[in-house]
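The values are calculated or read from the model by the stated rules, or taken from the named source; none is laboratory data. Everything numeric here is computed off the predicted structure, so don't read it as measured data. No Cβ is skipped: glycine too gets one built from the backbone with ideal geometry, and neighbour counts run over all protein chains shown.
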């Protein structure tokens, strides 16, 4: 089931963002992308997401950005005073201008750029990131639930179509031994035989045998039971994707058997329609957690 969540904040002068993206998957696969030195935060994220989710491929990423701006300028007074003291002891030759302040400030080590205050305290940053992880997991769950609500409606529509096709097959007159007997007689007549020369008892016996072989009673019962079970799973909620996936496979088996047993063109069409909607159902249940 797809979803996206983002948690962002700032610790000191460091801005950070945690993002989690999930796509469909049979199992749960959490992949991490974190900067060097943040492996512990990544593993904590894996633990929290693995506890919250049951299926899906989840990509978690952490990005850090230090605040832009000029670093703090600091004058090393000790070095500057040392230069002044040294110059006081030096006799400046005639024609040479005395040292100026801007010249002294240009001496290496007198002016320093202090960038230390632009970094966040590592302990504080670690605490803020760990505190954001449960919020990130909950936001991802909320996004997946929203998609799940829409997905439930689609799956229920497929189940309703399957139930309707089962009802059509149930009421189809071509399933009766009498209908099979009539078709058998028509087929014999088409081969050049005359209907009047057939033994009615033998014809009825053959029709009953064909009806037994082509009976789809069990398939219709199982299809109806599968529809009821799938609806119960949807009402139950939670991580039911694997069980729905198994049911979708069972739907496919029954639809295939019904097509194989169908002894009427209309019944065959119903079986093919069943196979089509079952394929659609199987595609959708792959998205369910």
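Evaluated against (1) in the same structural domain as residue 223 (by TED's automatic domain parsing); (2) closer than 30 Å to residue 58 by Cβ; (3) in contact (Cβ under 8 Å) with a residue 60 or more places away in the chain, residue 132 falls short on exactly one condition, (1). Hey, does the stretch 67-84 have a residue that's touching a strand residue (DSSP E or B) at 6+ places or on another chain (Cβ under 9 Å), in contact (Cβ under 8 Å) with a residue 60 or more places away in the chain and in a strand (DSSP E or B)? Taking every residue of the stretch 67-84 in turn, none turns out to be touching a strand residue (DSSP E or B) at 6+ places or on another chain (Cβ under 9 Å), in contact (Cβ under 8 Å) with a residue 60 or more places away in the chain and in a strand (DSSP E or B).
At positive phi and either at pLDDT below 90 or in a helix (DSSP H, G or I) (or both): is that true of residue 103 in this structure? Give the steps one after another, and end with the answer.
On the way: at positive phi: no; either at pLDDT below 90 or in a helix (DSSP H, G or I) (or both): yes.
When the stated conditions are applied, residue 103 does not pass them.
When 131, 143, 124, 139 are checked against the criterion of being in contact with a strand residue (DSSP E or B) (Cβ under 8 Å, 6 or more places away or on another chain) and either part of a loop (DSSP other than H, G, I, E, B) or loosely packed, with under 14 Cβ neighbours inside 10 Å (or both), a single residue qualifies: 124. For residue 263, state whether it is under 49 Å from the mean Cα position of the chain (by Cα), modelled with pLDDT under 80, part of a loop (DSSP other than H, G, I, E, B) and within 30 Å of residue 144 (Cβ to Cβ). Spelling it out, it is not the case that residue 263 is under 49 Å from the mean Cα position of the chain (by Cα), modelled with pLDDT under 80, part of a loop (DSSP other than H, G, I, E, B) and within 30 Å of residue 144 (Cβ to Cβ).
Evaluate the stretch 10-24: report whether one residue or more is surrounded by 19 or more Cβ atoms within 10 Å (Cβ to Cβ), part of a loop (DSSP other than H, G, I, E, B) and in contact with a strand residue (DSSP E or B) (Cβ under 6 Å, 6 or more places away or on another chain). No, the stretch 10-24 contains no residue that is surrounded by 19 or more Cβ atoms within 10 Å (Cβ to Cβ), part of a loop (DSSP other than H, G, I, E, B) and in contact with a strand residue (DSSP E or B) (Cβ under 6 Å, 6 or more places away or on another chain).
Considering the stretch 248-265, and only residues there that are in contact with a helix residue (DSSP H, G or I) (Cβ under 6 Å, 6 or more places away or on another chain) and in contact (Cβ under 8 Å) with a residue 60 or more places away in the chain, the residue that is surrounded by the fewest Cβ atoms within 10 Å (Cβ to Cβ) turns out to be 264.
Looking at the stretch 28-51 only, could you name the residues that are part of a helix (DSSP H, G or I) and either touching a strand residue (DSSP E or B) at 6+ places or on another chain (Cβ under 7 Å) or surrounded by 17 or more Cβ atoms within 10 Å (Cβ to Cβ) (or both)? Walk me through how you get there before you give the answer.
Filtering the stretch 28-51 for residues part of a helix (DSSP H, G or I) gives 39-51.
Those that are part of a helix (DSSP H, G or I) and either touching a strand residue (DSSP E or B) at 6+ places or on another chain (Cβ under 7 Å) or surrounded by 17 or more Cβ atoms within 10 Å (Cβ to Cβ) (or both): 41, 42, 45, 46, 48, 49, 50.
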